[in-house]
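The values are calculated or read from the model by the stated rules, or taken from the named source; none is laboratory data. Bear in mind that the values here come from a model prediction, so they are computed numbers and not experimental data. Here the Cβ positions follow ideal geometry from the backbone for every residue, glycine too, while neighbour counts run over all protein chains shown.
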Amino acid sequence: MGCFGCFAPAARRGAGDLKPSKLAHHCTDDDSVADAQRKVAPDVGSGCAHSFTFKDLLVATGYFNEANFIGEGGFGKVYKGKISKTNSQGASDAQMVAVKQLARESVQGRKEFLVEVLMLTVLSHPNLVSLVGFCAQGDERLLVYEYMPFGSLESHLFDVPHGKPPLDWNTRVKIAVGVAEGLSYLHNVADPPIIYRDMKAANILLDEDFSPKLSDFGLAKVGPVGDRTHVSTRVMGTYGYCAPDYVVSGKLTMKSDIYSFGVLLLELITGRRIYDASRPKPEQSLLTWSRPFMHDKRKFHRLADPALRGSYPPSALNQLVVISIMCLQDQPHVRPIIADVAIGLNHVASQPYASLASMGSPAYSGSPQYSRTPSRRRGGGGGSRRVSQYAS
C-alpha cells in the first residue's frame with residue numbers, strides 16, 4: 001500500500017475478474033489504415049461486436065434525424081438510436097444506443113476507429129462503456145455504444161445551469177471510485193495492460209445511477225510488457241491532462257494515466273475545469289490556482305467546490321486532496337499505482353456525508369440530462385481542448 005498507509009486497509013477489488021482475451025495485435029500511431037484493418041480483422045470476426053450495415057444505423061437513428069443528435073466531437077457526430085435485438089427467449093426487443101459517425105475526411109479518426117473496435121471487443125468491465133457494434137461499409141465508419149442516459153461527467157460538473165442541482169459529495173466520490181476501478185482493470189487485469197491516455201471529464205459517461213464508465217478508447221495504447229518500461233509514441237491527449245514527463249519525452253507509461261486521473265480528481269473536488277479561459281487570468285489554470293492551497297493542509301477546504309455549500313466530511317475532503325496531490329507528482333516514479341489509489345478512494349467512500357439535503361441530490365432526483373456520449377469536442381467554452389502533439 002506504500003503511499004496509503006494512512007488509510008484503513010481494504011480488499012483489492014477486481015481480483016476475481018476474468019482476464020480478457022489477449023490482444024494479439026494492436027495498432028500504433030504510425031500504422032497505416034490498411035495495415036490496421038488487417039490487424040483488427042481477426043477480432044472483428046470473432047463475434048464480440050455486431051457488424052451493422054449503414055442502412056441498419058440509418059433506420060436506428062431516424063436517418064440521423066437532428067432530433068436524435070446528441071453531440072459532436074473531433075471524431076464526428078453522435079446520435080441517439082434504437083436497434084432491435086432478439087432476447088434469449090427468441091422475442092424481439094429494442095435497445096437504446098449511441099451511434100458515433102466518423103467524419104469522412106478524418107484520417108486520424110479512421111485509426112482511432114480501428115483501435116477502439118479492437119480494444120472494446122476484448123475488454124469488459126462495469127466501468128468501461130460497452131461497444132454494441134460497428135459499421136465499416138464503403139467510406140462509412142460508425143461505432144455503436146450502449147446508451148448512457150445521464151451523459152458525460154463534464155455536463156454535470158461544470159457550468160451547471162441554474163436550477164439544476166450540482167453533484168453532491170457522495171456522488172462525486174462514487175464517480176471517482178468507479179473511474180479508478182475501471183482504470184485499475186485496464187492496468188492490472190487486461191493482458192497485456194492498456195494505457196488509457198485520454199482521461200477527461202468529457203470521456204466519463206454516467207448511467208441512471210451515476211455510475212461512471214470510461215469511454216473513447218481511440219487513443220488507448222498497449223502498455224509496456226517484459227523488460228520494457230515505457231511506450232515511445234507521439235504525444236496525444238487533451239491539454240492539461242497529459243503528464244509533464246510524457247509531454248517532454250514522449251515516453252508513455254501507466255503513471256501517465258495516474259497523473260491524468262489526479263487532474264480529474266482535482267476537477268471533482270473543485271468543480272473547476274483544468275483550463276477555463278472565462279475565469280480571471282490567475283485562475284484560468286486549475287493547477288496554478290490550486291497549488292498554494294495544496295501545499296498547506298489548513299487551506300485544503302478552500303479547494304472544495306462552492307456548489308457543495310460545505311456539505312462534505314472535512315476529513316474525507318482532506319484525504320481526497322492528498323490522493324490528488326500524490327497522483328499529480330511531477331516525477332512519475334513517485335506517483336502511486338492505480339490499485340492503491342482505488343483502495344484510498346474506497347476508504348474515502350466509506351465516510352459518506354449524511355444529511356437531509358443529500359436526498360435532493362441528482363443521484364436521487366431530477367431527470368436525465370443527456371448532453372453527449374463518446375465523442376471528442378474541440379475547443380469552445382473555455383473547456384479542455386484536444387491536442388495532437390505538444391511542442392517540447
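Against the test of being among the hydroxyl-bearing types (S, T, Y), assigned to a loop (DSSP other than H, G, I, E, B) and crowded, with 17+ Cβ neighbours inside 10 Å, the options Y246, Y259, Y241 yield a single qualifying residue, Y241. Cβ separations smaller than 8 Å between residues 6+ apart or across chains give the following pairs from the range 280-298 residues that are within 15 Å of S324 (Cβ to Cβ) to residues that are of a type in the set (G, A, S): L286/G240; L287/G240; M294/S324.
Looking across the range 140-192, just one residue is surrounded by fewer than 23 Cβ atoms within 10 Å (Cβ to Cβ), small (G, A, S) and either farther than 25 Å from K100 by Cβ or in contact with a helix residue (DSSP H, G or I) (Cβ under 7 Å, 6 or more places away or on another chain) (or both), and that is G163.
Hey, among K85, K111, K55, which residue is at pLDDT below 85 and part of a helix (DSSP H, G or I)?
On the way: K85 fails: part of a helix (DSSP H, G or I); K55 fails: at pLDDT below 85.
Testing whether each residue is at pLDDT below 85 and part of a helix (DSSP H, G or I) leaves just K111.
All of E154, E140 fail the test of being within 21 Å of Y275 (Cβ to Cβ), in contact with a strand residue (DSSP E or B) (Cβ under 9 Å, 6 or more places away or on another chain) and acidic (D, E), apart from E154.
If you go through the range 203-216 and pick out every residue that is over 15 Å from A98 (Cα atoms) and surrounded by 23 or more Cβ atoms within 10 Å (Cβ to Cβ), you end up with 1.
Does S290 meet the test of being crowded, with 20+ Cβ neighbours inside 10 Å and more than 28 Å from M148 (Cα to Cα)? Explain how you work it out, then say what you get.
On the way: crowded, with 20+ Cβ neighbours inside 10 Å: yes; more than 28 Å from M148 (Cα to Cα): yes.
Yes: the conditions hold for S290.
Looking for something under 17 Å from G223 (Cα atoms) and either in contact with a Phe, Trp or Tyr (Cβ under 7 Å, 6 or more places away or on another chain) or not assigned by TED's automatic domain parsing to the domain that holds D56 (or both) - is there at least one such residue anywhere in the range 119-137?
The initial filter retains those residues of the range 119-137 that are under 17 Å from G223 (Cα atoms), namely 119-120, 122-123.
Cutting the leftovers down to either in contact with a Phe, Trp or Tyr (Cβ under 7 Å, 6 or more places away or on another chain) or not assigned by TED's automatic domain parsing to the domain that holds D56 (or both) gives us 119-120.
Checking the range 119-137: at least one residue is under 17 Å from G223 (Cα atoms) and either in contact with a Phe, Trp or Tyr (Cβ under 7 Å, 6 or more places away or on another chain) or not assigned by TED's automatic domain parsing to the domain that holds D56 (or both).
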